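I have placed the structure first, in the form of structure tokens, so that the comments after it can refer back to it.
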Amino acid sequence: MNAPEPRFRISRHRRTAWLGSGLAAVLSVIGLLVSWLNPGIHAPLKPGLDFTGGTQIQLERSCAAGGCSAISAPDIQRALASLTLPAEPGESSPNLGNASVQVLDQGQSLVLRLQDLNPGQASALVQEMQAIAGPLNPESISVDTIGPTLGQQLLKGSVVSLVVSFIGIAAYITFRYDGVFAFLALFTLGHDVLITCGAFAWLGLIAGVEVDSLFAVSLITVAGYSVTDTVVVFDRIREQRTTLADLPLSEQVDVAVDATLTRSLYTSFTTLLPLLGLIFFGGASLFWFAVALTIGIAVGSWSSIGVAPTLLPVLAKSKV
Amino acid sequence: MARQQGWLALILALAIASAALVLNVPPPLGLDLQGGSQLTLQVMPSGAIKKVEKEQLESVKEVLDRRINGLGVSEATLQTVGNDQLVLQLPGEQDPSRAAKVLGTTALLEFRAQKPGTDSEMQGLLKLKRQATAALVQTEIKDSTDPGAADSAPVKIKAEELAKALEALGIAVPPGSSQTESLELLLSTVNQKIVALFEPSELTGKDLVGAGRQQQQAGSGWDVTLSFNRQGGEKFAALTKNIAGTGRLLGIVLDGRSISEASVGPQFQAAGITGGAASITGNFTADESRDLEVQLKGGSLPLPVKVIEQRSIGATLGTENVRRSLVAALSGLALVAVFMVVVYRLPGVVAVLALALYSLFNLAIYSLIPVTLTLPGIAGFILSIGMAVDANVLIFERVKEELRSGNTLIRSIDTGFSLAFSSIIDGHVTGLISCIALFALGTGLVKGFAVTLAIGLLLSLFTALTCSRTILRVLMSYAALRQPTYFLPATQLPAKAS
């Protein structure tokens with residue numbers, strides 16, 4: 001069988017590909033470090049309520065037709081500081097002076113972030129808010145409280161499930177392919193996860209975006225997709241080992257990437273379509289989740305074309 | 001051909017059954033979609049128990065189940081999580097503070113006899129308790145009405161007495177406390193001191209068989225009535241016989257706080273109070289008496305619990321979430337469908353059919369298991385659509401390749417399916433590995449995502465490899481449809497050897 005002439009030779013562009021990925025990775029690491037050194041964040045990614053613990057109360061004001069009466073965050077903060085909530089026996093009443101207040105949608109909705117309150121205190125606070133910023137729409141109130149120990153537990157659970165799923169995937173690839181493939185699959189996976197995290201480190205620094213348990217879920221999903229994408233290319237290379245045995249490995253890689261290129265692009269595109277649906281129509285709760293997945297899947301698709309296959313000849317050569 | 005028709009019949013039967021199931025038993029919606037509250041309760045180790053074990057968790061759950069039944073909250077569910085946590089779901093309930101209070105307190109009821117020779121100290125404390133309680137009622141009335149109109153004279157007098165009493169008891173009031181706070185502090189200290197004047201007792205809430213409540217004949221308060229089992233009745237008789245006529249009081253202590261102190265008249269000196277019934281006169285409000293009744297009926301908690309997580313969401317927000325997720329899922333699906341038909345022509349149409357079946361089967365499985373749909377769960381489903389489409393893309397790209405290299409249509413289809421198989425399997429297995437890790441180690445929200453994604457991955461293997469293939473083969477049995485140009489633009493086909 002004649003070797004098909006690839007329309008697109010990835011090996012000719014491999015330096016550009018490596019440079020691009022390297023730059024993105026370095027930028028990500030810088031983002032994570034800057035975020036860590038930032039006294040306001042003090043962590044590689046800005047942790048959200050899920051990981052820090054605390055109470056978040058979201059209120060919607062029911063405004064008259066003419067729009068909502070003006071209300072400012074500092075005013076609410078002052079009003080909160082003077083409140084005394086019922087204390088539990090043996091504990092002092094929570095200090096509301098350091099609450100953070102966000103006014104959204106032209107004063108129509110409010111987000112309060114406080115230390116963790118028990119359900120009785122949260123309910124009392126909502127009552128007090130009626131007087132401060134009322135009338136409130138009783139059907140549109142949401143209260144989330146995460147105890148400090150639970151926050152630690154969620155963080156630990158997220159990290160452990162990330163690590164375990166990486167190990168599981170590595171074991172499977174080693175079993176189906178060989179060590180070099182497994183290493184490269186994990187390497188690209190790390191590349192994709194790093195860049196997704198880096199993007200969110202920058203988002204946290206610039207726009208105050210926080211990461212929650214859903215972000216951990218999106219990282220694991222990105223990891224799964226990244227491996228799937230890479231494996232499709234590797235599967236093709238393995239399949240050609242017999243038919244194209246007389247060609248050098250880098251040529252084989254070019255043929256395989258070319259043959260799977262359409263599939264890689266189409267698949268990423270069709271996965272991104274529902275995600276774009278989530279971003280535009282899915283509402284606030286899933287917005288950043290969808291953004292994380294969009295970034296991760298786009299990067300994953302890129303790395304399965306430009307990073308993993310081009311590194312294969314380098315690694316396989318050094319191994320021989 | 002018979003085999004294909006068999007498969008087609010099976011797929012049709014499954015589709016009809018699924019549709020019937022989904023219409024009759026829609027998948028249950030999570031609290032984030034229908035509105036309601038979810039509380040996570042952490043069982044705390046206490047005393048001799050350093051680590052909470054499964055059996056202790058179960059015994060806590062039994063007590064809480066009884067209390068929930070007593071509260072009469074409809075559709076509330078309580079589930080154990082791990083070794084030391086419980087998750088309580090209250091659909092439709094936006095303010096879980098009452099449930100949290102009723103469930104969260106230990107409710108250990110004790111009947112104790114006053115220590116001999118502590119009369120004068122006890123009388124002093126009881127007087128202080130009455131004064132503090134009265135003053136507290138007054139400040140509450142004053143707080144709730146116009147402060148200018150209220151007569152503040154009695155409160156003023158109390159303020160001086162209050163400071164004196166606090167000092168005498170050695171209580172340091174934190175600076176900046178309001179009068180109400182100081183009074184509450186005084187009251188709780190006094191109650192603790194009163195408890196210390198009672199002897200430990202053998203008679204506890206364990207010896208109860210029932211509890212009830214009744215309105216006081218004079219006044220507006222409520223009493224809580226108790227009935228003891230046989231053993232408890234005997235203990236109660238013995239206890240009251242001991243102190244009858246001595247002036248020593250009978251203390252009713254709940255969770256280390258004295259809630260009522262009663263004297264036992266000399267007429268009970270012979271046999272004590274028999275009959276196995278008693279009532280607590282604690283001047284309860286209607287709600288307080290009802291909550292205490294529920295707690296006493298349910299029994300006391302073997303270990304203390306603490307609310308470590310609360311998630312409450314209003315019903316409007318919930319329906320808004322459902323609407324938005326539906327729009328997102330449908331618009332995503334519609335865009336994918338258009339893309340597939342434009343790019344892959346006839347097989348694209350087949351893929352869209354397979355995807356429709358795929359969505360239907362997913363919903364049917366959610367109804368069947370049942371899987372409670374949450375926001376992350378819907379996200380998992382939307383993502384699994386991507387995976388399902390990927391399988392079809394892999395197959396059809398392979399079919400196109402085979403056609404380009406000059407194979408016949410039927411042969412290309414068969415080869416396409418079999419060659420794409422290994423990469424489809426690899427992709428799905430790695431996805432499933434992630435799901436297993438998430439499900440085993442993740443928490444509630446994360447689990448919902450892992451479950452729908454895993455179901456989606458398993459189903460997509462079935463729909464891509466079986467449904468797409470069967471529909472395509474059946475269509476290929478019609479000569480009119482066996483046109484390579486229905487698969488590829490004519491320009492990409494190899495020139496026919498003439």
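Is at least one residue of region A:257-276 away from chain B (no Cβ under 12 Å) and not polar (S, T, N, Q)? Outline the logic, then answer.
Taking region A:257-276 as the starting set, the residues that turn out to be away from chain B (no Cβ under 12 Å) are A:257.
Of the ones still in play, those that are also not polar (S, T, N, Q) are A:257.
Yes: region A:257-276 contains one or more residues that are away from chain B (no Cβ under 12 Å) and not polar (S, T, N, Q).
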| request: Could you check how many residues of region A:167-183 are more than 14 Å from chain B (Cβ to nearest Cβ), modelled with pLDDT of 85 or more and out of contact with any Lys or Arg (no Cβ under 8 Å at 6 or more places or on another chain)? | output: 1
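Does region B:218-250 hold any residues that are assigned to a loop (DSSP other than H, G, I, E, B) and more than 40 Å from the chain's Cα centre (by Cα), and which are they? First the steps, then the outcome.
Taking region B:218-250 and keeping what is assigned to a loop (DSSP other than H, G, I, E, B), we get B:218-221, B:229, B:244-248.
Once the filter is applied, which keeps residues that are assigned to a loop (DSSP other than H, G, I, E, B) and more than 40 Å from the chain's Cα centre (by Cα), region B:218-250 yields B:Ala218, B:Ala244, B:Gly245, B:Thr246, B:Gly247, B:Arg248.
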| task | Scan region A:203-220 and report the pairs whose first residue is within 14 Å of chain B (Cβ to nearest Cβ) and touching a residue at least 12 places away in the same chain (Cβ under 8 Å) and whose second residue is charged (D, E, K, R) and in a helix (DSSP H, G or I), with Cβ atoms within less than 7 Å and a gap of 6+ or a chain change. | result | A:Asp212/A:Asp50; A:Ser213/A:Asp50
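From the list B:Ser422, B:Ser460, B:Ser434, pick out the single residue that is farther than 22 Å from B:Ser359 by Cα and either part of a helix (DSSP H, G or I) or not assigned by TED's automatic domain parsing to the domain that holds B:Ser18 (or both).
Numbers: B:Ser460 fails: farther than 22 Å from B:Ser359 by Cα; B:Ser434 fails: farther than 22 Å from B:Ser359 by Cα.
Only one candidate passes the filter, namely B:Ser422.
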| query | Counting only residues that are more than 8 Å from chain B (Cβ to nearest Cβ) and either under 9 Å from the mean Cα position of the chain (by Cα) or closer than 22 Å to A:Leu265 by Cα (or both), which one in region A:278-290 is surrounded by the most Cβ atoms within 10 Å (Cβ to Cβ)? | reply | A:Trp288
| query | Of the residues that make up region B:251-261, is at least one within 14 Å of chain A (Cβ to nearest Cβ), in a loop (DSSP other than H, G, I, E, B) and surrounded by 16 or more Cβ atoms within 10 Å (Cβ to Cβ)? | reply | yes
| field | Which numbered condition A:Ile132 fails, given (1) in contact (Cβ under 8 Å) with a residue 40 or more places away in the chain; (2) surrounded by fewer than 20 Cβ atoms within 10 Å (Cβ to Cβ); (3) within 13 Å of another protein chain (Cβ to nearest Cβ); (4) of a type in the set (A, V, I, L, M) | value | (3)
| For A:Ser72, all conditions in the list (1) polar (S, T, N, Q); (2) modelled with pLDDT under 85; (3) touching an Asp or Glu at 6+ places or on another chain (Cβ under 9 Å) hold save one; what is the number of the exception? | (3)
| query | Looking at region A:97-114, which of its residues are surrounded by 15 or more Cβ atoms within 10 Å (Cβ to Cβ) and in a loop (DSSP other than H, G, I, E, B)? | reply | A:Ala99, A:Gly107, A:Gln108
| query | Out of B:Ala450, B:Ala454, which single residue is of a type in the set (Gly, Ala, Ser), in the same structural domain as B:Ile395 (by TED's automatic domain parsing) and surrounded by fewer than 21 Cβ atoms within 10 Å (Cβ to Cβ)? | reply | B:Ala454
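For (1) of a type in the set (Gly, Ala, Ser); (2) within 19 Å of A:Ile141 (Cβ to Cβ); (3) part of a helix (DSSP H, G or I), each residue gets a yes or a no:
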{"position": "B:Ala19", "(1), (2), (3)": "yes, no, yes"}
{"position": "B:Leu23", "(1), (2), (3)": "no, no, yes"}
{"position": "B:Pro27", "(1), (2), (3)": "no, no, no"}
{"position": "B:Gln42", "(1), (2), (3)": "no, no, no"}
{"position": "B:Glu58", "(1), (2), (3)": "no, no, yes"}
{"position": "B:Leu64", "(1), (2), (3)": "no, no, yes"}
{"position": "B:Glu75", "(1), (2), (3)": "no, no, no"}
| Just one of the numbered conditions (1) farther than 25 Å from A:Leu96 by Cβ; (2) not in a loop (DSSP other than H, G, I, E, B) is not true of A:Leu45; which one? | (2)
| Number of the condition not met by A:Ala43 [criteria: (1) more than 20 Å from the chain's Cα centre (by Cα); (2) free of Cβ contacts under 8 Å to residues at least 12 places away in the same chain] | (1)
| request: Within region A:254-266, identify whether any single residue is surrounded by fewer than 20 Cβ atoms within 10 Å (Cβ to Cβ), among the acidic types (Asp, Glu), touching a Leu at 6+ places or on another chain (Cβ under 8 Å) and at pLDDT below 90, and answer yes or no. | output: no
| message | From the list A:Leu293, A:Leu275, exactly one residue is crowded, with 24+ Cβ neighbours inside 10 Å, closer than 25 Å to B:Leu457 by Cβ, hydrophobic (A, V, I, L, M, F, W, C) and free of Cβ contacts under 8 Å to residues at least 24 places away in the same chain. Which is it? | response | A:Leu275
| field | In region B:278-315, the residues that are in contact with a Ser or Thr (Cβ under 6 Å, 6 or more places away or on another chain) and within 14 Å of chain A (Cβ to nearest Cβ) | value | B:Pro304, B:Ile308, B:Glu309, B:Gln310, B:Ser312, B:Ile313, B:Gly314
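Quick test for you: out of B:Leu441, B:Leu419, pick the one residue that is over 26 Å from B:Val22 (Cα atoms), without any contact (Cβ under 8 Å) to a residue 24 or more places away in the chain and under 21 Å from the mean Cα position of the chain (by Cα). If you could, list the steps in order and put the result at the bottom.
Values: B:Leu419 fails: under 21 Å from the mean Cα position of the chain (by Cα).
Matching residue, one of B:Leu441, B:Leu419: B:Leu441.
Test of understanding: among A:Ser285, A:Ser301, which residue is at pLDDT below 85, assigned by TED's automatic domain parsing to the domain that holds A:Ile167 and either at negative phi or assigned to a helix (DSSP H, G or I) (or both)?
Details: A:Ser301 fails: at pLDDT below 85.
The unique qualifying residue is A:Ser285.
Residues in region B:341-356 that are within 8 Å of chain A (Cβ to nearest Cβ) and at pLDDT 90 or above: how many?
To start, the set of residues in region B:341-356 that are within 8 Å of chain A (Cβ to nearest Cβ) comprises B:343.
Add one more test, that the residue is at pLDDT 90 or above, and what stays is none.
Number satisfying all stated conditions: 0.
The values are calculated or read from the model by the stated rules, or taken from the named source; none is laboratory data. Here the structure is a predicted model, which is why all the values come from computation and not from measurement. Backbone-built Cβ (ideal geometry, glycine too); neighbour counts: all protein chains shown.
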